[in-house]
Every structure is written in C-alpha cells, then in structure tokens.
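Everything on this sheet refers to the single structure shown next.
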Amino acid sequence: MTPASFPARGLADRLTTLFWRHPRILLVLLLTPPLLWLGVVYLGSLAALLLQSFYALDSFSGLIVPEFTLKTYAQLFTQSNLSIILRTLLMASAVTAASTIIAFPIAYYAARYAKGRLKAAFYLGVMLPLWSSYLVKVYAFKLILAKEGIVTWIATSTHTDWLLTGALSLPYVGGNSLATSYLGTFTVFCYVWLPYMILPMQAALERVPTSMLEAAADLGATARQTFWTVTMPLALPGIIAGSIFTFSLTLGDYIIPQIIGNSASYIGMAVYQLQGTAGNVPLAAAFAVVPILIMLLYLTLARKAGAFDAL
Amino acid sequence: MRSDSSLALKITASLGLLFLHLPILLIFLYAFTTEERSFAFPPPGLTTQWIAVAWNRADIWPPLILSLKVAALATVLALVLGTLISAAMSGAKFWGRDQLSLLIVLPIALPGVITGIALRAAIPMLHLDFSALTIVLGHATFCIVIVYNNAVARFRRLSGGILEASADLGANAFQTFRHILMPNLGTALLAGGMLAFALSFDEVIVTTFTAGVGAASKTLPIWMLDELIRPRQRPVTNVVAMVVFAMTFLPILAAYYLTRDGTETAGTGK
C-alpha cells in the first residue's frame, strides 16, 4: 500500500510541510520585513521626533543640546506660538463644519437616490478629485482667487462685485484679495478635503435601512422629523469619521496657507519653517506633537461615538 | 416615503459636484492662454505654444524622470511589504493584530507633516544623508497602507477553500502562491499599486522634509511648488500641472475599472 501523501521532492516541498506543521513560522516570515520597515523606519522616526522635542536649542551657539529639558515645550506657550495653535484649531473647525454642510447633499443624493450609472458617476465624481494631484488642486485656486481671476470676473459681469468687496472688507477674515485672505485659505481647505468628508458620509447614509424610514413614515413622522430623528443619528458616525480627515488634514497642512493666504502662520508652517531656515528641530518637533495629541483626543472621542465602525 | 428627491437637493448636490470639478478644468484652459504674467480671466487669446515651450525646457525633464523613478521604487517596496502584511493579517489571529492594523494606517492617519518632520529628525541620527533614496523611504511608508487596503479586502473575499484544495492536490506552498494566490490577487495588487504610484508621484509634503538639497532630489511636485511660490512662465506651469494631473488621473481610473465588480472598489479611502 502506498502512503496517501506525496513524498517530499525538494526544498519547496519540505518548506511546505514545515509551514503546515508550524504556521507560526510562516507568520513570522511574512511579518518580519513589513514590521522591520514600519517598526524601525516609522515608529523609530516618531520616537526620534519625540526625543528631539525634549532637547533644546542653545541660544548662543544655535546647536541642539542633547539633554532632557522641558524648555522647548515651554516655548509653545509664548503668545505668538499659542496664537498659531489657536488659529490652526479655529481653521480646522471651520473647515470641518463647512465641509460637512457642502458634502451632505452630495452624499445624501448619492446614497439615497442615485442608481446604476448615475451612482457610478457620482462615485467617480468624488473619487477622482480625492485622488487627483493635491498640488494641482491648490494651484487651480491660485488661478481662481487671483485678483484678476475668474471670481472677480464673474462678480463684475453679474454685477455682484458689492458682495465680493463686502466679503473682503469684513474684519479679520477679509483682506486685499481672496488669494491673500483667510477667506481664500478657508475656501481652498474646504475644496481639497471635501471628498474625504463625502465618502464616509455616503457610506454611513447607505447603511441607514429603508425599512426604518418607512416605519417612521407609517408612524406618522413628517419627512423633516424622519430626517432629524432617524436618518441623522444613524448617519452621525459617518460624519464624525469624515470629520477626522478634514480636521487632521487641516491641522497638519502647510502648503495651502503658504500659497493662498495672508502669511499668517499655522502649525504645519511653523514646523516646516522652524526645522528649515531656523534649524530649530526641537521646537519644530514640539510643535508637531501638538497635532498628534489633538488627534489622539479627537480619535478617542470619535471612537466613543462609534465612528470607527463607519470607516 | 417619497422616492423622488427634492429640487433643492438636486441643485445643491450638482453645485457641490461642480465645485469639485470646475477648478481642475480651469488649469487646462490656462495652459493655452496667451497671457504670461497674470491669471487674467477670460484669457486674452489662446495658443498651443506653451506645450512646445514646456517640452523644450531643460529644467522640467530631470524632475519628471526622478518622480517616475521614485514613484516606481516606492510602489514596488509598498507592493512587497503591503502584500506580506495583508497575507499575515488575513490568516490566523495572533497577539498584537489590532495594534499592527493601527500601525499600518498611522502614516496616513496622522498629518503628512508629522511623518515628514519625524523622518527629518530621525535620518541624521542614523548618519544618513538626505537624497532621492530618503524620499523613497518616506513614500514607501505611506504607500504600504494603500496596497494593504486593496490586498486585504481581496484576501477576505478569497475563500480559504481553494488554497486547501490546491494543497490537497499536491501543490506545495510556492506552487499554490504562483498558480492560485497570484492570479486571484492580481487585479487587487495592480489597483493598489496604481493608487500607490499616483500618491507617490504627486506627494509633496513628506517629500519636502526628506529630500536632499539641489537638483538631484528635486521631484516634479517640488518643482511645481517652487513655481507656485516664485512664478516664472505661468502657462508652462499649467502645462506641467496638466501632465501631473494626467499621471495621477489615469492610474486611478484604471484602478477603479480593475476592481469595480468586486465589493471592495479601490479608492474608497486614502
């Protein structure tokens, strides 16, 4: 009688037997290269960042003193640095709120009414801007918001220039032109992060069962009541999931306010400038820890609200 | 329950979609304007001369080629590492699995500036110089998750039965990998690779932190950023922007068509 298994013919067969008998060995082999990469390159870098933030720059020599100190963190609490952090937080909140409002009709229509080809078109219509070049999108707005650009032209030809002038003469948010005001920076942020809000929102709205909406209608709820008491609570985790992206991306961005804005500084810009021209890596590192802490807090709150199931 | 949407919803949804798409179209229009010094709208005239001018500009080709090289290398690294993790994650449960899944998404969950400054702080500590290779290092780190997302979804759909069937029929692990796993994973990996390529080709934030000085590590996005801050021939920048747009647009479209019949369409998350 011959055995039911094939005899091992070479190294490959013997390794197969080894993997079959000891699945752990295969697992270790599979995980070692990526863990080395993510663990060493990425986590190692984050650790280096954290370490650097506890160093300080010697004010006389301009060299980094590799000794533990909290001096660098204390510098974050100076008036100008605090206002950078506050400005970034305000911008991130405003952008998140506005993105939610602009995204909602698109996500709602795509989830509820679009079928077949129209649905595919909606999906591509959101996905392509999401993935297409970030820099090209920012550049497009440099063209649009320029003083001689299309916004001014539309305002002049539709005789609504009073609206534009009015918006620009608003205290604080206005400015010389849209390209050099908070309004401009805000518009570009909304534009660039909008798809990140739409996709999770749409996914959450699609999961709202139609039967529940019918039940609400059967029980006599008006469309408005159904919306606020059934649809919204069920879609909220998706909205929070989207807000994680819009908030986090605005917190860290430094290209947009550098190209379109009134040269007011944001956390990302501070990080970039401090490590570059100033050579103050410790303070840059301390600045970078701020969005990490804010996002950890945000993620903890979002997790409590069930947003992770909507991702 | 009404099955028709209200007019207001239709209008706001359409306006939202227009808001997403019109700005990109303007880039194309401005590539053909005769006005060189400002962004005047409407353009005073139209010309195709800028394509030829851009083609003959010697400072555009090296960044373009470098970007292609960096994106290709980062994609290959991400494909290997991303596939390995997805294979491990789709198999047995093991200790630290949840922590590992968090670690994989961290490079794109945290703002790019964090990944950038972290690498900036770490690389000199290892006595490495900033160069084109350190750009690849940074890009591969956040491209892994893109490949992983696509591959792990396909693994989930793939029934374990066919791998066992292959083993029962006498195939060894490598034969199963070559003849069963690869053909099944193929399109998911191709889609993931294309998205990773598009992401790397266009990346600017991490790149500014990990690039060396000088022309040897100037990628096309860095070139564009320079032009944005200090504009020279504006329509030429528009021509380059069109190229960058096409280089990211086409892989994404391809990735979508490769995976659209599955339940796990590529590109739902970035």
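The values are calculated or read from the model by the stated rules, or taken from the named source; none is laboratory data. On a predicted model such as this, the values are computed, not experimentally measured, just so you know. Glycine gets a Cβ as well: all are built from the backbone with ideal geometry, and neighbour counts include every protein chain shown.
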Check: Looking at (1) more than 10 Å from chain B (Cβ to nearest Cβ); (2) over 30 Å from the mean Cα position of the chain (by Cα), which is the only condition A:Val208 fails?
Finding: (2)
Note to self: When you scan the stretch B:47-70, do you find a residue that is modelled with pLDDT under 80, aromatic (Phe, Trp, Tyr), surrounded by 14 or more Cβ atoms within 10 Å (Cβ to Cβ) and over 19 Å from the mean Cα position of the chain (by Cα), even just one?
What the structure shows: no
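This table checks each residue for (1) within 23 Å of the chain's Cα centre (by Cα); (2) small (Gly, Ala, Ser); (3) within 30 Å of B:Phe39 (Cβ to Cβ).
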{"position": "B:Ala153", "(1), (2), (3)": "yes, yes, no"}
{"position": "B:Ile162", "(1), (2), (3)": "no, no, no"}
{"position": "B:Ala165", "(1), (2), (3)": "no, yes, no"}
{"position": "B:Phe197", "(1), (2), (3)": "yes, no, no"}
{"position": "B:Val204", "(1), (2), (3)": "yes, no, yes"}
{"position": "B:Thr208", "(1), (2), (3)": "yes, no, yes"}
{"position": "B:Thr219", "(1), (2), (3)": "yes, no, yes"}
{"position": "B:Trp223", "(1), (2), (3)": "yes, no, yes"}
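Check whether at least one residue in the stretch A:118-129 is part of a helix (DSSP H, G or I) and crowded, with 24+ Cβ neighbours inside 10 Å, and report yes or no. Steps first, please.
Within the stretch A:118-129, the subset part of a helix (DSSP H, G or I) is A:118-129.
Applying the additional criterion that residues be crowded, with 24+ Cβ neighbours inside 10 Å yields A:126.
Checked the stretch A:118-129: at least one residue is part of a helix (DSSP H, G or I) and crowded, with 24+ Cβ neighbours inside 10 Å.
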Next item on the list: Would you please name the residue that is surrounded by the most Cβ atoms within 10 Å (Cβ to Cβ), looking only at residues in the stretch B:230-264 that are over 18 Å from the mean Cα position of the chain (by Cα) and under 15 Å from A:Leu143 (Cβ atoms)?
Entry: B:Asn238
Margin query: List pairs: first residue in the stretch A:243-263 and more than 10 Å from chain B (Cβ to nearest Cβ), second residue part of a loop (DSSP other than H, G, I, E, B) and not aliphatic (A, V, I, L, M) anywhere in the structure, Cβ distance under 8 angstrom, at least six positions apart or on different chains.
Written below: A:Pro257/A:Ser265; A:Pro257/A:Tyr266; A:Gly261/A:Ser181; A:Asn262/A:Gly175; A:Asn262/A:Ser181
Next item on the list: Give the residue that is farthest from A:Asn81 (Cα to Cα), with candidates limited to residues of the stretch A:265-306 that are of a type in the set (Ser, Thr, Tyr) and assigned to a helix (DSSP H, G or I).
Entry: A:Thr300
Item checked: Test set (1) more than 30 Å from A:Leu63 (Cβ to Cβ); (2) surrounded by fewer than 16 Cβ atoms within 10 Å (Cβ to Cβ); (3) among the β-branched types (Val, Ile, Thr); (4) away from chain B (no Cβ under 12 Å) - A:Thr277 fails condition number -> (1)
Next item on the list: Might you check whether a residue that is in contact with an Asp or Glu (Cβ under 7 Å, 6 or more places away or on another chain) and in the same structural domain as A:Tyr266 (by TED's automatic domain parsing) occurs anywhere in the stretch A:115-132?
Entry: no
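In the set B:Leu100, B:Leu119, B:Leu126, B:Leu158, which member is buried (at least 21 other Cβ atoms within 10 Å of the Cβ) and either within 7 Å of chain A (Cβ to nearest Cβ) or more than 21 Å from B:Leu220 (Cβ to Cβ) (or both)? Break it down into steps so the answer makes sense when it comes.
On the way: B:Leu100 fails: buried (at least 21 other Cβ atoms within 10 Å of the Cβ); B:Leu126 fails: buried (at least 21 other Cβ atoms within 10 Å of the Cβ); B:Leu158 fails: buried (at least 21 other Cβ atoms within 10 Å of the Cβ).
Just a single option satisfies the conditions, and that option is B:Leu119.
How many residues, within the stretch B:13-43, are more than 11 Å from every other protein chain (Cβ to nearest Cβ), farther than 14 Å from B:Arg232 by Cα and not hydroxyl-bearing (Ser, Thr, Tyr)? Give the steps one after another, and end with the answer.
Narrowing the stretch B:13-43 to residues more than 11 Å from every other protein chain (Cβ to nearest Cβ): B:32, B:34, B:36.
Among the residues that remain, those that are also farther than 14 Å from B:Arg232 by Cα are: B:32, B:34.
Remaining after also requiring not hydroxyl-bearing (Ser, Thr, Tyr): B:32.
Number satisfying all stated conditions: 1.
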Next item on the list: Scan the stretch A:89-104 and give yes if some residue there is within 30 Å of B:Phe197 (Cα to Cα) and modelled with pLDDT under 85, otherwise no.
Entry: no
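Kindly evaluate B:Phe28 against the criterion of being surrounded by 13 or more Cβ atoms within 10 Å (Cβ to Cβ) and within 24 Å of the chain's Cα centre (by Cα). First the steps, then the outcome.
Numbers: surrounded by 13 or more Cβ atoms within 10 Å (Cβ to Cβ): yes; within 24 Å of the chain's Cα centre (by Cα): yes.
In short, yes.
Consider B:Leu163 carefully, then state whether it is closer than 30 Å to B:Val113 by Cβ, part of a helix (DSSP H, G or I) and not aromatic (Phe, Trp, Tyr). Steps first, please.
Working: closer than 30 Å to B:Val113 by Cβ: no; part of a helix (DSSP H, G or I): yes; not aromatic (Phe, Trp, Tyr): yes.
So B:Leu163 fails the test.
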Note to self: For the stretch A:205-252, which positions are under 19 Å from A:Ala114 (Cα atoms), of a type in the set (S, T, N, Q) and surrounded by 14 or more Cβ atoms within 10 Å (Cβ to Cβ)?
What the structure shows: A:Thr231
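Do you know which of the residues in the stretch A:98-152 that are among the polar types (S, T, N, Q) and more than 7 Å from every other protein chain (Cβ to nearest Cβ) is farthest from A:Ala167 (Cα to Cα)? Write out each step before concluding.
Kept after step one, since they are among the polar types (S, T, N, Q), are these residues of the stretch A:98-152: A:99-100, A:132-133, A:152.
If we keep only those that are more than 7 Å from every other protein chain (Cβ to nearest Cβ) as well, we get A:99-100, A:152.
On the way: A:Ser99: 20, A:Thr100: 22, A:Thr152: 12 Å.
Among them, the one singled out is A:Thr100.
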Margin query: Can you say whether A:Gly261 is under 22 Å from the mean Cα position of the chain (by Cα) and surrounded by 20 or more Cβ atoms within 10 Å (Cβ to Cβ), as far as the supplied structure shows?
Written below: yes
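Among the candidates B:Ala87, B:Ala52, B:Ala74, B:Ala151, which residue alone is part of a helix (DSSP H, G or I) and within 10 Å of another protein chain (Cβ to nearest Cβ)?
B:Ala87
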Margin query: Condition (residue is in contact (Cβ under 8 Å) with a residue 60 or more places away in the chain, polar (S, T, N, Q) and facing another protein chain (nearest Cβ under 10 Å)) applied to the stretch A:52-60: is it met by at least one residue?
Written below: yes
Notebook entry, point to check: Filtering the stretch B:172-218 down to residues that are more than 19 Å from B:Ser90 (Cβ to Cβ) and free of Cβ contacts under 8 Å to residues at least 24 places away in the same chain, which residue is surrounded by the fewest Cβ atoms within 10 Å (Cβ to Cβ)?
Noted result: B:Gly214
Note to self: Please determine whether any residue of the stretch A:153-161 is in a helix (DSSP H, G or I) and touching a Leu at 6+ places or on another chain (Cβ under 7 Å).
What the structure shows: yes
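Any residue at all in the stretch A:8-30 that's of a type in the set (Phe, Trp, Tyr), in a helix (DSSP H, G or I) and under 29 Å from B:Val113 (Cα atoms)? Walk me through it before giving the result.
First pass over the stretch A:8-30, keeping only residues of a type in the set (Phe, Trp, Tyr): A:19-20.
Next cut, in a helix (DSSP H, G or I) only: A:19-20.
Now restrict to residues that are under 29 Å from B:Val113 (Cα atoms): none.
No.
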